[in-house]
Amino acid sequence: MMRDMAEWPDLLGRTYDVVRAPIELLGEPLLDRATPCSEWAVRDLFRHVLGTVEGFASAIGAPPVGADAGATPVERFDAAAARSVAAWRSVTDASATVSLPFATLRPGSLPP
């Protein structure tokens, strides 16, 4: 059985819950640490993850939001994840196709 568009918000929400756990540990001192990829610091990796979450929200039509300069990484992630899930929950057309930079999602295109 393929996944229905109505299931996507829950799938994303569960994914964001898993991704959130290590982000909770991030503080300013950790953000400048190196990663195994020599060209990326933890801050760069966090921005990439945050950009991906925001990209899923934008792909479904949520307007972009400005970054809160005073927010912690987990606060920024929580805001982006909530915006993304809310945007996906607002989809009422079960036959909608969503284009992302790396894939086109169609109804029934996600495996069970």
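The values are calculated or read from the model by the stated rules, or taken from the named source; none is laboratory data. Bear in mind that the values here come from a model prediction, so they are computed numbers and not experimental data. No Cβ is skipped: glycine too gets one built from the backbone with ideal geometry, and neighbour counts run over all protein chains shown.
Output the qualifying pairs, or none if there are none: Cβ atoms under 9 angstrom, residues six or more apart or on different chains, first residue in the range 41-63 and at positive phi, second residue at pLDDT 95 or above.
Short answer, once both residue conditions are applied: none.
Quick one: R83 ticks every box in (1) out of contact with any strand residue (DSSP E or B) (no Cβ under 9 Å at 6 or more places or on another chain); (2) more than 30 Å from M5 (Cα to Cα); (3) not hydroxyl-bearing (S, T, Y) except a single one, so which number is it?
(2)
When you scan the range 82-99, do you find a residue that is in contact with a Lys or Arg (Cβ under 8 Å, 6 or more places away or on another chain) and of a type in the set (F, W, Y), even just one?
no
Please work out which residue is surrounded by the fewest Cβ atoms within 10 Å (Cβ to Cβ), limiting yourself to the range 82-103 and to residues that are part of a helix (DSSP H, G or I) and in contact with a Leu (Cβ under 8 Å, 6 or more places away or on another chain).
This residue is V85.
With a cut-off of at least 1 residues that are touching a Leu at 6+ places or on another chain (Cβ under 9 Å) and either of a type in the set (D, E) or surrounded by fewer than 16 Cβ atoms within 10 Å (Cβ to Cβ) (or both), name the helices (runs of 4 or more DSSP H) lying wholly within the range 1-59.
Passing ranges, in order: 8-23, 42-59.
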